[in-house]
1. Provide Rg and Dmax in Å for the stretch 539-605, with only Cα atoms included in the calculation.
2. Would you calculate, for the chain, the mean residue ellipticity at 222 nm contributed by helices, counting each DSSP H stretch of 4 or more residues as -39,500 (n - 2.57) and dividing by all residues, to the nearest 500?
3. In whole Å, what is the distance between the alpha-carbon centres of the stretch 320-366 and the stretch 719-734?
4. Taking neighbour counts of Cβ atoms within 10 Å as a proxy for exposure, in what order, fewest first, do Trp738, Trp562, Trp752 appear?
5. Can you give me the Cα centroid spacing of the stretch 114-161 and the stretch 760-780 in angstrom?
6. May I have the extent of the alpha carbons of the stretch 377-431 along their three principal axes, as whole Å values ordered from largest to smallest?
7. So which of Lys232/Lys384; Lys696/Lys783; Lys52/Lys232; Lys52/Lys331 end up more than 25 Å apart, counting from Cα to Cα?
8. For the stretch 586-698, build the charge dipole from Cβ charges (+1 Lys, Arg; -1 Asp, Glu) around the Cα centre, then report which of Leu627, Leu606, Ser683 sits farthest towards its positive end.
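Read-outs throughout are calculated quantities, based only on the coordinates presented, and are distinct from any laboratory measurement. Model, not experiment: these values are computed from the prediction. All Cβ positions, even for glycine, are placed from backbone atoms using ideal geometry, and neighbour counts span all protein chains on display.
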Amino acid sequence: MRIPKKNTKALFYGLILLIFSFGELYAGHIVGGEFTYSCRGFLNDDPSTNVKVYDVRINMYRDCLGDGAWFDGVPGGFGPPPDNFSSSEGNISIYVGDQYFDPTFDIFLDRFEAVPENLGNPCLVITEPTCQQIGIYEFTLELPVSDEAYTLTYQRCCRNGDTTPGGGGITNLVSPDAIGTTYFIRITPEAQRQCNDSPKFNIDPPIALCVNSEFQIDMGATEADGDSLVYKICSPVVGGGLDGLGGINNTETTFDDIVPERESPFPYTPVTFRGPQFNAVDQLGVGSELSIDPNTGLLEGVPILRGVMALAVCVEEWSRDSIPVLLSETKREYQLSVNLCGNQVDADLLETELDDQGRFFIRQCGPGQNTIINESTNEVFIDKYSWILDGPDGEISGGSRDFTTNISTVGVYPGLMILNEGSSAENCIDTAEFFLGVFPEATADFEFTQPGCDDEPIDFVDLSTTAGANTIVNWEWDFVDGSALDARQNPRHRYQVPGEFPVSLTITDNNECSADTMIPVTYFPSPRTILIEPDEGFGCIPFTKEFINLSRPINDDYIFEWDFGDGGMADVASPTHVYENEGVYDVYLGITSPTGCFVDTIFQNLVDVRSAPMADFDWTPAEPTNLMPDFRVFDLSVDANRQRYVINSRTGDQLFTTPAPDFDYTLRDSSSIFITQFVTHPSGCVDTITKELRLKLVNTFFMPNAFTPNGDGLNDFFLPEGILIGATEYRLRVWTRWGELVFTTDEPKTGWDGSFKGRASPGGGYLWDVQYVDVGGEFQEFKGGVVLLR
């Protein structure tokens, strides 16, 4: 028997109370639990020890939707366990009678896993999220055989009291956030004597139910010794409390603590249900159905209230002696959510119509084999299909998803398709009532006048037939050329374009049975008239002529033969041809359809190609300048009898126009002008040419050899004369004869006034030089002398 680590345990829980908040200490995350045990026999198989060995298992259930604490026995106590974690301690108390046998027996989490969602109804799916995990604790106890019962108990406070949407607060209990839980089992003296094994539930408890829907859940247990099991609905019990919060202890014991260091002894107080809506009998609420078969443990009912419910089921184990003895009672407490669910089974048949009573009517046109296609959903929830049809020779049945019949007698036959027939859940069963109407067969057929080489309408003749007394009441022709459907029995149709058309006819008889057929119609006639787009009159060499073929009906499947009259040929519907020589030309066009229909024509004198002039001109001088802006334009055109000139500025404004072959013009600024010449041939053909002309700028430079800075306004400054517009990098310097620099400037319009440092320079000779880059980009340099006269 393990020795509990009492000092470590006290320190561990003391740290928890210091670190975690009031809400986190609550065991609201623990929502259910149960104890079971198995007896191995005497210790070391030695009866003299009077000690028996028990394998004990605790199943503890945790709500994993929220952020609550983890199972006891996980490092830190909160959050998901890390990989390869080493368990920290949890504990239970073990009593013999009403005295401690071991007040703080250590337990460790062995493993945990998800609890499957079991709604107790195979054809429902819950619409709200649910999640529970089971934590499993397994350990061994060595207990001396006693005349008193051993009680193994685990207690925590408190239950979930959060009643906000999604909070998981318990609905059927009074003050769930102030009461805890107790999970326990008792090993009776008789169970010790017989080395008894307690019953073990076969499956995990349900974690959710569907409101207003029946359920059946197997709460049965397995018992290895062949004893008798009796099932009953019992009440959850309380445990733990709010004592110790904020460091205040109201009782000497730890029984009322949130995490009791030592659990309280048996018996335990039942919970108080929130009346009058809930009570120990109506744990799902008054008006709901809840019962358990005492012999099989089948739990069933219909909840009518939504919410989170705390429930408990007990299994009594009785010996099969002549006078039965109660060996054990295993108590399972659990928490479940009652919420909205969606039914997953819906009977449906493909492509049917409904009668006034909502029954499917399946129309079979023509006796023989027919398959009724089943579109019932959801397939994963359907285990069985049952078909029953009252046929002409008796009942026809089937068990596959789709139903195939082979009826040769015309008539209307009633039938049923049943989903999940015999299911214990009524909502799993759905039925489709249908009628199978077998009607006489109709056959669609037609003929048509074969198209020839003439572009004429086609006559279509209906040849459809029916069997029995049914009659055709509707025709629908599709000529597959973009035209509207035609409802006449024997239509006439004119195609606007050639081609091969898969013409279809669909007929409908008085039984609403339809039949259709398709026959290809080949339509490639010759055009009634060969047409091309009207000519523009005449063209000028070189003349590019586009021949637009307007003949109808034609397409690219036709063969085209063009002869342009100048030796040129083409084989496309609408060609383009360039005439290089003057003349009047006949044009030939032949058209052959894919079926051999041929037509041709000659367009007499269709193309008139005339000689054209060639515009050209020049001017002199070749480069007019700002010094000589006048120039003369002279005509160089060929074969022209008339000319006209237009001069435009760079911005497009017209500056000048003249019909003269030659003319004079003066440039007025340095911007470009554009000269356009228009010339006309005696044939009427014209030509044009445009040339750009820019005024060339030049610089001139001259320096005087003397100046008189006497203030009379005449020759007072020494500066250059000439044209320096556009010049750059200008510099003028003046020196004395002894090399002293007396004046410098980079402005062409700034001259020397004959002074130096504010004083008049003496008369006499001086030296100068000038440098600049002219408007053409050439570097210019000049030197000389000047006389200052006083």
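1. In order Rg, Dmax, the Cα atoms of the stretch 539-605 give 12.6, 40 Å.
2. It comes out at -1000 deg cm²/dmol, rounded to the nearest 500.
3. Centre-to-centre distance over Cα atoms comes out at 110 Å.
4. Working: Trp738 6, Trp562 19, Trp752 23.
Ranked by crowding around the Cβ, least crowded first: Trp738, Trp562, Trp752.
5. When both Cα centres are located, 113 Å separates them.
6. Answer, in whole Å and largest first: 38, 17, 13 Å.
7. Those over the limit are Lys232/Lys384; Lys696/Lys783; Lys52/Lys232.
8. Going by the Cα projections, it comes out as Leu627.
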